[in-house]
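Here is the structure we will look at.
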């Protein structure tokens, strides 16, 4: 969450060899305890892809432990040995700040960030990158999990996208553009009852697929409130607290990637 998944989804879905489900479809969370129904659902979704295309989805809820269930075992059972996972990471302090801003805008959080990092465990838990990755490593092996660092991706977007496509076993990607999607502060955010409607399974499964992206953006412009001002930034004490809390995770990620991911932290 808040690590550039919308931009990556937009880039990958332009590739002729890839077919992606609607973003945040959350297919692996459907029908808990009923893998047969899930298998039928996934087969219907994957039928959009031809025999020469790869099918996938982009869903941040697959890395929200311990607040949402681990789906790695279900993914392996459903998709078999060809399963590959791409995991985006972002500078931990920036991710926490962006998450707080997002949840402040939609009304989920009403605390300043200096209080919120102590009151809402999600802000740090979703930034414990290696803890989120570990179930996938244990289930499908570390070689099948590909870590993409947002800052590197944004800095060398075409080169990074080409490298990812090679890893995924597809041809070179089309030339991408510099547009960054769903950047914090740029997008309008639903609040109150409308937020719950748009997050509901009925809207995501039934209504959203029927609406073109252009129509959704036009409706968002008309219906959603203006983006509220950014909350106050974290204090130096809070930044130090975030770094201390995530120190072990940051070091472990640097070891996995094999280089200092963020020079000011590693």
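Read-outs throughout are calculated quantities, based only on the coordinates presented, and are distinct from any laboratory measurement. Source: prediction; values computed, not measured. Positions of Cβ are backbone-derived with ideal geometry, glycine not excepted, and every protein chain shown enters the neighbour counts.
Taking other C-beta atoms within 10 Å as the exposure proxy, 83, 12 rank 83, 12 from fewest upward.
Remark: the residue 14-residue 146 segment gains 45.5 nm on full extension, using 0.36 nm per residue and subtracting the alpha carbon distance.
Mind jotting down the distance between the C-alpha centroids of the range 13-73 and the range 93-153, whole Å? Distance between centres, Cα-based: 21 Å. Remark: spin-label model distance residue 84-residue 137 equals 2.0 nm, labels positioned 7 Å along the Cα→Cβ axis. Sorted ascending by nearby beta carbons within 10 Å, beginning with the fewest, 68, 41 become 68, 41.
Subtracting the Cα-Cα distance of residue 30 and residue 118 from 0.36 nm times their residue separation leaves 28.5 nm of extension gain.
Protection proxy ranking of 92-100, 252-260, by the mean of other Cβ atoms within 10 Å over each peptide's residues and highest first, is 92-100, 252-260. Rounded to the nearest 0.05, the FRET efficiency derived from the C-beta distance between residue 235 and residue 77 at R0 = 45 Å is 0.45. Using a Förster radius of 25 Å, what is the FRET efficiency between residue 159 and residue 243 based on their Cβ-Cβ separation? Nearest 0.05, please. It comes to 0.25. Spacing of the modelled spin labels on residue 125 and residue 37, each 7 Å from Cα toward Cβ, amounts to 2.5 nm. Counted by neighbouring Cβ atoms within 10 Å, the residues 42, 87 run from fewest to most as 87, 42.
Working from Cα pairs under 8 Å separated by at least six residues, relative contact order for the range 1-101 is 35 percent. Given their separation in residues at 0.36 nm each and the Cα-Cα distance between them, residue 108 and residue 251 gain 48.4 nm when the chain is fully extended.
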